[in-house]
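FYI, it's all coordinate maths here, none of it is from the lab. From a predicted model like this one, the values you see are computed outputs, not experimental measurements. Here the Cβ positions follow ideal geometry from the backbone for every residue, glycine too, while neighbour counts run over all protein chains shown.
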Amino acid sequence: MKRGLVVVVVAAALALAGSARANGRFPASNAMVFDPSDPSVVYARVTFGLLRSRDAGRTWRLTCERAVGYSSQEDPTYVVTPKGTIVAGLSEGLRVSTDHGCSFRTVDTAGAKSFVDVTMRPDGVIYALSSRFDRTSDAGASLFRNEVWISKDDGATFAPIGAAIDPKLLAESLEVSASDASRVYVSAVDGAELPRRGALLVSTDGGKTFTRREIPAEPHEIAPFIAAVDPAAPATVWVRTAGPPDKDTHLLVTRDAGKAWNVLVTAKGPLHGFARSAAGDLYAGGPGAGLFVGAAGAAPTKRSDLAVQCLGVAGDTLWACSHEASGFFLGTSSDRGGRFDARLHIGDIQGLLECPGSDIGTTCAAEWAELARTIGRAPDDAPADAGAKPAVTAPPPPPGLPLKGPLLAALGGAARAGGVRHARRKRGGDQSGRRADTTQTAPVSATRGPWGASAASSAAITRAESAGERSLMSRAAGPISEA
């Protein structure tokens, strides 16, 4: 990023200090979720709720936080089932929508809360991970209640699987194998006390029991998060680590369910995004790290300086979350990250989701009015959503950013000055062509270092793809955080 652009962006942030939303967060996008049965339906998790497009990203409408079931600084985890049902994991429990986000209901989980991750097998069976402070041991150590839950009826009901996981561990993320229903993985850290150690918990009986394997780490890294399980090779798991924005983090892979690990990417700051295509191409990135791309079987190398907030793959299309200084709020690439086309500028959100018979308009009125003022759109100036599904092909990027509202007025010039270049690059036009300095493929000792970090460092971690990253310290804090 050029120094002039940095100055503009920093000045914009200072100018907007009084414009932050009620939940204290600036508008940002940080996850993509796709409907497995309808390629035209795309969801984007944002810091002000859930956006939905039913025309492959041409237009977007909002379900606000309160309608989903929360109003705090958390990022729910979502899955969309083959029937179109949305399942959301929240600090207060599990919420389900059977009308594409118009309304959500709470699922009975017998009082269990703090659902930090949800995932799904291709057949629609849903898994959820709850992880919360439970009690303090006689020796004064924090103990946690970690449980894996399962739903086989499209999210209507959930039940815990097996016994609770080792209470000394604080569970963070969950994944299941697409090709082996008995293979379930959980990542965790060794509680709240320093030094922490990362763990991959491996189940070969559907989540009833787990075997612990160590995950290598540097002393400053906070926690490991499972990025994906190879759909054709159940023992192959990719893990990304979280750490302070000024320190290195890593993308790791194991091909034997955690017995040995290889480092694929070493990056500056957290890697918020990871995606894998059906062909096996790997994508990883972060806001300070840029975008890394690797062909099937190869370690990813840096392709651009794109400020990555999230990544996702749908068919042959790579989706990315970024910010307007990069030229788009949400964008897509059809050439493996060489060029991105804008699918959404934040000022182009059309309004609330239109849901006849729903109370979303009442529930979300105040939140939408506040957001509309921030992004420069009058709450009632959105064009009507006629309900038709346009062709899946999206239009070309708009010629420029709409310079209206405090957010866009501050950042729009910066986007034009530097960020829009991402949408204009030809394939390979700005690829560095070099491997990250410490990228390696040799096995790394699983006892490389403790998971240690000060509370101040933990507080500095920005949100990545798992809700656990934001809530790790609050859940680890014990009774105070539960009050």
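Taking all Cα pairs closer than 8 Å and separated by 6 or more residues, the relative contact order of region 130-211 comes to 23 percent. Taking amide H positions as modeled 1.01 Å from N, with prolines and chain starts lacking one, the residues under 5 Å from LEU94 and 5 or more places away or on another chain are VAL107.
Of the peptides 215-222, 110-117, how do they stack up when ordered by the mean number of other Cβ atoms within 10 Å, highest first? Mind showing how you got there, number by number?
Details: 215-222: 23.2, 110-117: 19.9.
Top of the packing list down: 215-222, 110-117.
Distance between the C-alpha centers of region 305-365 and region 263-278? Whole Å please. Distance between centres, Cα-based: 20 Å. Backbone amide hydrogens, once placed in the peptide plane, bring VAL313 within less than 5 Å of ARG276, TRP319, excluding anything fewer than 5 places away on its chain. Look at the Cα gyration tensor of region 152-294: its axes a ≥ b ≥ c give a/c of at least 1.5 with a/b at or below b/c, and that counts as oblate. Neighbours of MET120, meaning other residues whose beta-carbon lies under 14 angstrom from its beta-carbon, give a summed charge of -3 when Lys and Arg score +1 and Asp and Glu score -1.
Using Cα pairs closer than 8 Å and at least 6 residues apart in sequence, work out the relative contact order for region 168-255, in percent.
23
Among the listed pairs LYS113/LYS259; LYS168/LYS268; LYS152/LYS208; LYS113/LYS208; LYS152/LYS259, those whose Cα-Cα separation exceeds 23 Å are LYS113/LYS259; LYS168/LYS268; LYS152/LYS259.
Sorting THR85, THR98, THR211 by the number of Cβ atoms found within 10 Å of their own Cβ, with the fewest placed first, yields THR211, THR98, THR85.
Classify region 77-198 as rounded, prolate or oblate from the Cα gyration tensor: take a ≥ b ≥ c as the square roots of its eigenvalues, call it rounded if a/c is under 1.5, otherwise prolate when a/b beats b/c and oblate if not.
On the way: a/c = 2.43, a/b = 1.71, b/c = 1.42.
Cα axes put region 77-198 in the prolate bin.
Provide GLU324, GLU354, GLU147 in ascending order of the number of other Cβ atoms located within 10 Å of each residue's Cβ, fewest first.
Details: GLU324 27, GLU354 16, GLU147 20.
Ascending Cβ contact count within 10 Å gives the list GLU354, GLU147, GLU324.
THR98 sits among other residues whose Cβ lies under 9 Å from its own Cβ, and their net charge, with Lys and Arg +1 and Asp and Glu -1, is 0. Percent of alpha carbon pairs in region 32-120 separated by more than 19 Å? Tail of the P(r) past 19 Å holds 32 percent of the pairs. The mean sequence separation of alpha-carbon pairs under 8 Å and at least six residues apart, normalised by the residue count of region 54-102, gives a relative contact order of 29 percent.
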